[in-house]
Amino acid sequence: MLVVDASNHVLLANGALQAIFPGAGNILHQRLELILHSREFLAFVEAVRAGQAQPQQAIEFVAGTESTWVEATGALIPPLDGQKGAWTLFVLHDITRQKKLEAVRKDFVANVSHELRTPLSIIKGYVETLVDGHRDMSVEDREKFLQTVQRHTERLNSLLDDLLTLSRLESMNPGLHCESTDLAACSPA
């Protein structure tokens with residue numbers, strides 16, 4: 001959770017936010033632009049203030065070669081007594097692991113489609129040869145062809161088992177992890 005004032009000074013940042021961005025250090029009363037380096041997030045901040053933001057937005061923060069992905073939601077907090085401008089509340093959920101798993105899944109699907117084609121093409125070619133020329137082939141050659149077809153059929157079966165395992169893993173829903181937070185202890189001084 002993150003609360004910023006109208007001039008982008010951080011008024012509140014809970015421990016979960018600092019866990020997502022461990023390099024941010026003590027961020028209270030610092031300008032948001034100096035802490036969280038993402039044009040996309042700063043554009044989201046302005047969109048929330050203008051009432052034009054999407055309800056949730058996935059945003060990538062890049063630090064060197066590392067990327068951190070968050071799902072951001074934001075809302076305006078109307079000015080309180082004596083407050084100069086509206087504050088803005090942001091809730092950021094770390095979805096880095098999900099994005100990495102998504103990328104792995106996409107790579108896996110691309111690789112599987114290639115891996116399925118190879119044994120299928122070999123099986124097709126060997127079966128066509130057996131069908132067309134089995135009478136003219138020696139018993140040893142037919143045996144070699146059938147062993148090759150069997151080996152590649154087992155390879156296809158193994159790939160399909162991997163796909164079914166992936167499907168089962170994706171269908172598992174871990175649910176949300178809830179925890180209590182003392183809001184009074186988090187309020188700005």
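The values are calculated or read from the model by the stated rules, or taken from the named source; none is laboratory data. This is a predicted model, so every value here is computed, not measured. In this analysis, Cβ positions are derived from the backbone assuming ideal geometry, glycine residues included, and neighbour counts consider all displayed protein chains. For the accessible areas, the whole protein counts, side chains as well, though only heavy atoms, and no ligand, DNA or RNA atoms are used. Shrake-Rupley method; radii C 1.70, N 1.55, O 1.52, S 1.80 Å.
If you go through the stretch 160-189 and keep only what is open to solvent by less than 90 Å² (accessible area, probe 1.4 Å) and modelled with pLDDT under 65, you end up with G175, S187, P188.
For beta carbons closer than 7 Å, sequence separation of 6+ or different chains, a first residue in the stretch 80-91 that is in contact (Cβ under 8 Å) with a residue 24 or more places away in the chain and a second that is part of a strand (DSSP E or B) and open to solvent by 60 Å² or more (accessible area, probe 1.4 Å), the qualifying pairs are A86/L76; T88/L76.
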